[in-house]
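K.L.:
Okay, here's the structure, questions in a sec.
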Amino acid sequence: MFATAVMMLATAIAIGVAKKLNLGSIVALLVVGMALGPHSPLPLFTGHIDQLQAVGEIGVMLLMFVVGLDVQPKSLWSMRRLVFGLGPAQYLLTTAAIMALLVWITGLNWHLALVVGLGLAMSSSAVLYPILQERGEEASLQGRAAMALDIFQSFMVIPVLALIPILGVGHAGRGSIPTVDKALAVCAAVAAVYVLGRYLLPRALVLTARNLGSGAFALIVLAGVLGAGWLMDKVGISMALGAFMIGVLLSTTVFAQQIKAAATPAKQVLLGLFFIAIGMAIDLKEVAASGGSLLFYLPVLLSIKFAVLFPLALVFRLGVPAALVTGLLLMPFDEIAYVIFASAKTNGLLNTRSYTIGLTVTSLSFVVSPVLINLGYKLSNRLKRRKQLDPALTPTTESMHDHVLMVGYSHVGRAICLMLEWAKIPYVCFEIDLARIAEAKRWKHNVQYGDASDPTLLSLLRLAHARSVIVTTGIYDSTKRIISNLRQFYPHVPVITAVQYLAQREELRQMGTNQVMALAPEGTLSFGRSILDSLGVPDGQATAIINALKADDYAVLRGAGAVEPDRAGDKPGVAPRTAGYRS
């Protein structure tokens, strides 16, 4: 417990320092791992590093799940040229270049060189996506290109892992060739994940949202993702690919944003643990002993990856700034390389020294790459041009930039949705009542399932860029809680709401709400005016009475004053003079 407490404190300090130095949180987490792990001068953690890393890999899986939630099938299809064009070109050329280097420099046989090339040509999603999310660039040119490449590489994990035993048979008479049964098992697992994400999970989430509440909602989401990862792992496929599939399948549901909010806290904690465990596995003494080899291989291999991808990105019309950042984002080696190298060692393709160097080079790329990526962003910002280079690469992920966020699809909310659509103002509305969401579908309004009182959901929406927030929940306690969170975390975003009574309006004004309307007095005055008209009160006198009640911000109705228009017949709009009508 003491070691865990120290690790948490050290992590918080390291992340704070890294942000001040603009290095990113990944570097901080790796440094914490190296400082506290079994290879440090004063180790706090001396065992179970593999188990920590295994638990941390669930964070990588949740990361891919959240990424999948942002990649709707329509958006994924729009990236097909990058996924099936740039993806295979980058992967095959990088593999060939690394293989040629190893055969030429070290004299390795082609079996070994091919395995190393296949492993190191892949890029780390655990480094890529956190950086894109921190910078809000998932929908940028470089974000979409990097995502397309990572998707293709995820598909390549299956044939690469299947190929290694075949190469082992040819190299040393060891291993076993995968059979037709293996292929059928893979197809069955993929089909099961599809059924889980397309039919079972959405129905389970509907029942949970109706009957069990937000806590159970998060548990159902996590159980579904872990189940998909388990299915893929049982047939030897990357768990992250199963999680990604579930994310894409759920991305079209009204639950997408709330699902993301439910998975994000666990993802952040476990992903942090993953990088800390990677840092603990780095033996600095071993790094120093292999210094000559590492000083050569690490920069050369990273340079090969960049040198292959940068011109390819230009060929696919990403432009120089986006191509530069994409090349740097895809430089760090993939954590799946650990699995590939372990399988190669088991099948007699890698000896102990080559295996150790491969793992060390992969781990050190996590330390070096974030620094290079930050430098690349600075250079890219200087080179960036405003001209859009390729319409096919324009962002499709909806952001809150200049959008209106609505909370609550009551009768008032439905009317506001109509007004915004007629005014051609983009908006998104969140509601937790499934019956109201079903009604919104009939009206074709943009309403999604989500608890707007959840700060995690608000942060995922990047609310700081919203045009305004309109709260129309109809339940005062919920409105008050939502506005409290908004004022605390997003004080500069305009908030507009309507409440029932004047006392509620005054309370929300004191909390800093920009515009609050009390519906009861306006509705009452409208009703009262119709009564006066039906009783034959002259139009001028009726108007004067209504104006007197509205005067000084409803002073009479709030008990702040007692006034009465002149009975002799005040003209409309004339200020009241004597006491009379009380609230």
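Computed from the coordinates by the stated procedures, all read-outs in this text should not be read as laboratory data. Just so it is clear, the model here is predicted, and its values are computed rather than measured. A quick note on method: Cβ atoms are made from the backbone with ideal geometry, for glycine too, and the neighbour counts reach across all protein chains shown.
K.L.:
Place the peptides 296-305, 265-274 in order of packing, highest mean first, counting for every residue the other Cβ atoms within 10 Å and averaging per peptide.
P.N.:
By packing density, highest mean first, the sequence is 265-274, 296-305.
K.L.:
Quick check on the exposure proxy: order F84, F2, F366 from fewest to most C-beta atoms within 10 angstrom.
P.N.:
F2, F84, F366
K.L.:
Now for a separate question. Near K260, which aspartates and glutamates are there with a Cα under 14 Å away, not counting those fewer than 8 places off in the same chain?
P.N.:
Here the aspartates and glutamates satisfying the reach criterion relative to K260 are D70, D451, D454.
K.L.:
Greater than 23 Å separation of Cα atoms is the criterion. Which listed pairs, K182/K345; K19/K378; K20/K285; K424/K444, meet it?
P.N.:
From the list (K182/K345; K19/K378; K20/K285; K424/K444), the Cα-Cα distance tops 23 Å for K20/K285.
K.L.:
Could you list R558, R436 so that the one with the fewest beta carbons within 10 Å of its beta carbon is first and the one with the most is last?
P.N.:
Fewest-to-most Cβ neighbours within 10 Å comes out as R558, R436.
K.L.:
For a footprinting-style exposure proxy, rank Y449, Y554 by other Cβ within 10 Å, fewest first. Kindly include the intermediate steps, with their values, before the conclusion.
P.N.:
Values: Y449 22, Y554 19.
With the fewest neighbours first, Y449, Y554 line up as Y554, Y449.
K.L.:
Using θ = phi - 60° and the Karplus relation 6.51 cos²θ - 1.76 cosθ + 1.60, list the HN-Hα couplings for the range 313-319 in order, rounded to whole Hz, with x at every Gly or Pro.
P.N.:
5, 5, 4, 8, 6, 7, x
K.L.:
What is the sum of charges, Lys and Arg at +1 and Asp and Glu at -1, for the other residues whose Cβ falls under 12 Å from the Cβ of F430?
P.N.:
-3
K.L.:
Can I ask one more? Calculated from DSSP H runs of 4 or more alone, at -39500 (n - 2.57) each and per residue, what is the 222 nm mean residue ellipticity of the chain, nearest 500?
P.N.:
-22000 deg cm²/dmol
K.L.:
Moving on to the next point. Using modelled backbone amide H atoms (1.01 Å from N, in-plane), which distant-in-sequence or interchain residues come within less than 5 Å of M406's amide H?
P.N.:
Under 5 Å from the amide H of M406 lie the amide H atoms of V428, C429, F430, I470, each far enough along the sequence or on another chain.
K.L.:
Points 7 angstrom from Cα along the Cβ direction at S410 and A464: gap in nanometres?
P.N.:
3.2
K.L.:
Continuing with this model, one more query. Residues with beta-carbon under 15 Å from that of T95, excluding T95: net charge, scoring Lys, Arg +1 and Asp, Glu -1?
P.N.:
For residues surrounding T95, the net value is 0.
K.L.:
What residues have an amide H closer than 5 Å to that of A498, excluding those fewer than 5 places away on the same chain, when H is modeled at 1.01 Å from N in the peptide plane?
P.N.:
Long-range HN contacts for A498: V471, M517.
K.L.:
With +1 assigned to the C-beta of every Lys and Arg and -1 to the C-beta of every Asp and Glu, and no other charges, what is the dipole magnitude of the range 44-165 about the Cα centre in debye, to the nearest 20?
P.N.:
Values: 5 positive and 7 negative charges, 85 e Å.
That gives a dipole near 420 debye.
K.L.:
Then there is this: Which shape class applies to the range 1-49: rounded if a/c is under 1.5, otherwise prolate when a/b exceeds b/c and oblate if not, where a ≥ b ≥ c are the square roots of the Cα gyration tensor eigenvalues?
P.N.:
The shape class here is prolate.
K.L.:
Evaluate the relative contact order of the range 1-159 (contact order divided by residue number), counting alpha-carbon pairs under 8 angstrom at least 6 apart; express in whole percent.
P.N.:
19
K.L.:
While we're looking at this one, here's another question. Give the percent of DSSP beta bridges with both residues in the chain that are antiparallel, rounded to the nearest 5. Working shown, then result.
P.N.:
Numbers: 3 of 21 bridges.
So the antiparallel bridges in the chain amount to around 15 percent.
K.L.:
With P(r) over Cα pairs in 10 Å bins from 0, in percent in mind, check (i) 4, 18, 29, 28, 16, 5, 1, 0; (ii) 3, 14, 22, 22, 15, 8, 6, 4, 3, 1, 0, 0; (iii) 3, 15, 24, 26, 20, 9, 2, 0, 0 and report the label derived from this structure.
P.N.:
After the calculation, the listed value that fits is (ii).
K.L.:
Okay, next question. Helix 476-489 against the longest principal axis of the chain: what's the angle in degrees, Cα atoms only, rounded to the nearest 10?
P.N.:
50
K.L.:
With an 8 Å cut-off on Cα pairs and a minimum separation of 6 or more residues, tell me the relative contact order of the chain in percent.
P.N.:
It rounds to 16 percent for the chain.
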